[in-house]
Structure formats: C-alpha cells, structure tokens
1. Here are the criteria: (1) within 39 Å of the chain's Cα centre (by Cα); (2) among the polar types (S, T, N, Q); (3) surrounded by fewer than 14 Cβ atoms within 10 Å (Cβ to Cβ). Tell me which single one Gln103 does not satisfy.
2. When both residues are 6+ apart or on different chains and their Cβ atoms are under 8 Å apart, which pairs have a first residue that lies in the stretch 19-43 and is closer than 18 Å to Leu225 by Cα, and a second that is of a type in the set (Phe, Trp, Tyr) and at pLDDT 70 or above?
3. Restricting the stretch 112-152 to residues that are of a type in the set (A, V, I, L, M) and under 42 Å from the mean Cα position of the chain (by Cα), which is surrounded by the fewest Cβ atoms within 10 Å (Cβ to Cβ)?
4. Mind checking which pairs have a first residue in the stretch 54-69 that is closer than 16 Å to Leu109 by Cα and a second that is modelled with pLDDT under 90 and acidic (Asp, Glu), Cβ under 7 Å, 6 or more apart or different chains?
5. Hey, among the residues in the stretch 317-329 that are part of a helix (DSSP H, G or I) and without any contact (Cβ under 8 Å) to a residue 24 or more places away in the chain, which one's farthest from Met185 (Cα to Cα)?
6. Given the conditions (1) modelled with pLDDT of 85 or more; (2) out of contact with any Asp or Glu (no Cβ under 6 Å at 6 or more places or on another chain); (3) over 9 Å from Val58 (Cα atoms), report the number of the one that Phe108 does not fulfil.
7. Would you please list the contacts, defined by Cβ atoms under 8 Å and residues six or more apart or on different chains, that run from a residue in the stretch 213-228 that is acidic (Asp, Glu) to a residue that is buried (at least 20 other Cβ atoms within 10 Å of the Cβ)?
8. Could you tell me which residue of the stretch 181-195 is modelled with the highest pLDDT, considering only residues that are under 21 Å from Leu264 (Cα atoms) and buried (at least 24 other Cβ atoms within 10 Å of the Cβ)?
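The values are calculated or read from the model by the stated rules, or taken from the named source; none is laboratory data. None of these values were measured; they are calculated from a predicted model. Note: ideal-geometry Cβ built from the backbone for every residue, glycine included; neighbour counts use all protein chains shown.
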Amino acid sequence: MTEILRAALVIARRDFSAVILSKTFILFLLGPLFPVVIGMAFGGLGEKITTEGLRPTVGVAMPAADAARMERAHRLLVDRLGKENLPRLRRAPAGDPRALLAQSDARFLAVVSGTVEHPVLTGKAGDLGWLEGDIGLIASAALAGERLPHVRVEKRPVAASAGADAQSRLLTGRAAQILIFLLTMLLAGMVLSNLVEEKTNKIIEILAAAVPIDAVFLGKLMAMLAMSFVGICFWGSGVFVALMAFAGPNMMPPTPAVGWPVFLLLGTIYFSTAYTLLGSLFLGIGAQAATVREVQTLNMPVTMAQMVIFFFATYAVDHMGSPSEIAAAVFPFSSPFVMIARAAQDTAIWPHLVAIVWQAVWVALIIRLGVWLFRRHVLKSGGARSRGLFRRRSAPAA
C-alpha cells in the first residue's frame with residue numbers, strides 16, 4: 001500500500017505540473033468567466049424585458065376627468081405595490097374600444113372605457129380575466145380619491161425566528177448542492193480526455209510497466225483534484241472580491257446549522273468525494289475508450305445520469321429523515337449532495353463521518369473495478385480484448 005501511494009504521488013506530481021504549467025491553463029481559469037458575464041448580461045436584459053416590455057398596456061378611453069382620476073390612482077398604487085405588479089395605463093382617444101384594439105399602432109392589450117363608477121374593459125377573453133382584478137383595484141382607488149386609507153403597520157423586530165432560520169438554512173443547503181454539482185460536472189470531465197490522450201500516445205503502457213495500474217489511476221485522480229482546487233481558489237477569490245465590491249462588507253449569508261467553519265470544511269470534503277466518485281467512474285470509462293469520439297459518446301449518458309441523481313438529491317433535501325432522504329444519503333453518487341444539505345439544516349456531526357467513510361470506500365471500489373477492466377480489456381495483448389471494452393469485436397477469420 002505504501003508503494004502504491006508513493007507511486008501515485010509521483011504520477012500526481014507529473015500530471016499536476018503538466019497541467020498547471022501548460023499555456024492553456026490560463027484559458028481554463030478564465031473560461032468560466034465568459035458564461036458568467038454573458039449570464040449577467042442576459043439576466044439584466046431579461047429583467048428589463050420582464051419589468052418593462054412584458055407589462056401590458058391598457059388604453060384609457062374615458063372622459064378626461066375620469067381618466068385623470070384613474071391615472072392618479074395608478075400612480076398611488078404603483079408607489080405602494082411597485083410598477084411591475086400593475087399594468088401600464090395610457091390615454092386613448094374616445095371612441096369604440098374595439099376599433100382602438102384593431103389599430104396596428106395602438107399596442108393596447110385592452111381598453112377601459114365608461115366611467116370610474118362603471119368601468120368597461122374590452123379585450124380578448126384571456127386578457128380580460130388577467131386584467132380584471134388590476135383594473136378593478138385601480139378604479140376602486142380612484143373612487144376613494146383622497147380618502148384612500150393608508151394604514152401604517154407597526155414593526156416589532158425580533159432577534160431570531162425559527163421559521164426564518166429553517167428557510168434560510170434550506171436555501172444555504174440548496175446553494176451548496178448546486179455549487180458542488182456545477183463544479184463537479186465542470187471539472188470531472190477532464191479526466192476522460194486525459195487518459196485517452198495518453199493511451200493514444202502509448203504513454204499509459206510505459207507508466208503501467210513502471211508502476212502499478214492502481215497507482216496510475218489514483219495519481220491521475222489526485223492530480224486532477226489538486227488542479228480543480230487551484231481553479232476553485234482562483235474563481236472563489238474573484239467571487240469574494242466582487243461581493244466585497246458590489247455587496248459590501250455587511251453582506252452576511254444565512255448561517256448553516258453546523259456553523260461556517262465546519263460547513264466550509266464539509267463542503268470541501270464533499271466536493272472532493274463527489275469529484276473522486278465521478279472522476280474514478282470517468283477514469284474507468286476513459287480507460288476503455290480508444291478515441292475522443294468514444295469519450296464524447298460515453299460522456300453524455302453519464303452526465304445525464306448524474307443530473308437525474310442530482311435532482312433526486314435536491315428532492316430529498318425537503319424531506320429530511322424520510323426514506324427518500326436516507327436512500328439518497330446511502331447511494332454513493334448522491335450522498336455528497338444530500339449530506340452537504342443536511343449539514344446546513346442539522347447540527348449532528350456523526351452522520352457526516354459515516355458518510356465520508358462510506359463514500360471513500362466506494363471511490364476505492366470504483367477505482368479497483370476500473371483497474372480490473374483496464375487490465376482485462378486493454379493491457380492484454382492479442383485478440384479482441386486489447387481493443388477495449390467499447391470496441392467492436394472483429395469477425396472471426398474464415
């Protein structure tokens with residue numbers, strides 16, 4: 001065992017140096033920034049479209065006095081409810097509302113006519129059901145006029161609220177789940193192509209002749225995990241600087257049940273176990289694939305299966321202690337996601353110790369299975385087995 005660990009560290013140091021010192025590593029670090037910038041740009045654009053472009057416009061074809069009362073009530077309600085919660089009002093010339101709606105340049109979703117005491121809303125049936133309550137509220141406020149009551153609410157702040165704390169801890173657990181899942185899916189796929197390239201260049205045979213195959217697999221997994229932590233530190237520093245610049249030092253996220261120091265430690269461990277579980281599976285798959293095309297073909301079903309597992313884990317978060325939550329915590333590939341959410345909601349530490357040992361056992365089992373398949377289907381010379389598990393067997397000679 002000591003020899004395997006020593007050899008694995010040699011392989012890990014070799015792969016880690018090769019990745020970190022390559023010219024493309026800076027592109028790897030900067031790569032996730034582009035989706036973030038694009039997402040922020042589209043998020044701002046989407047919010048603007050939602051709050052401005054998608055707000056319906058209702059034409060007001062009332063006498064001037066009634067139209068003025070409706071507009072004044074609309075402004076008052078906007079101050080209290082927010083403009084995104086009410087349709088826009090725009091003066092329309094008096095006349096037949098159906099003729100106004102037929103005009104291509106009017107851009108009215110509906111037209112309100114009549115008087116404040118008896119408003120008449122004209123439009124398509126589906127739009128009328130949507131706008132009826134809003135127009136009725138505006139007309140009621142217009143009828144009240146200056147007598148529109150405004151009851152002041154007395155505020156009594158408390159230091160703690162059990163319901164609010166439970167909700168905030170649930171949100172913290174969900175956020176940690178999503179973060180670990182995204183980082184795992186982003187980084188674990190690199191293990192696949194790494195092994196295929198070395199198989200193509202016949203480097204893997206040289207390594208297999210020098211050190212045990214177990215050490216090769218373990219060393220590559222350790223190197224990719226270390227490289228992932230370099231990337232996470234880089235991205236985390238950028239996020240921290242951005243939060244301090246835009247949110248300020250007073251921003252404090254909800255505190256998890258186990259406290260931030262233990263939660264961050266468990267988050268690091270569960271990311272490591274999630275990464276090594278998926279990475280060891282990818283190593284086993286990559287060891288059988290002979291070309292990059294096969295890797296890409298095999299990557300899709302594994303990724304889709306991992307997404308299904310993640311959705312199962314997110315469902316289990318809302319049902320702590322239920323059979324589904326226990327099953328998700330026992331199943332090795334969903335266990336890291338379930339346990340990090342449990343750390344945010346429950347103060348008990350012993351379940352995490354059990355889960356970490358359980359996940360480590362499965363990492364060892366998957367690595368052993370990958371090594372066995374690699375020896376059986378790749379390293380054996382001659383015959384169809386040397387082509388890999390996923391290669392088509394050649395037809396027997398006549």
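1. All conditions are met except number (1).
2. Val19/Phe25; Leu29/Phe234; Leu29/Trp235; Pro32/Trp235
3. Val151
4. Short answer, once both residue conditions are applied: Arg55/Glu84.
5. Here the answer is Pro323.
6. Exception for Phe108: condition (3).
7. Asp214/Ala8; Asp214/Ile367; Asp214/Val371
8. Thr184
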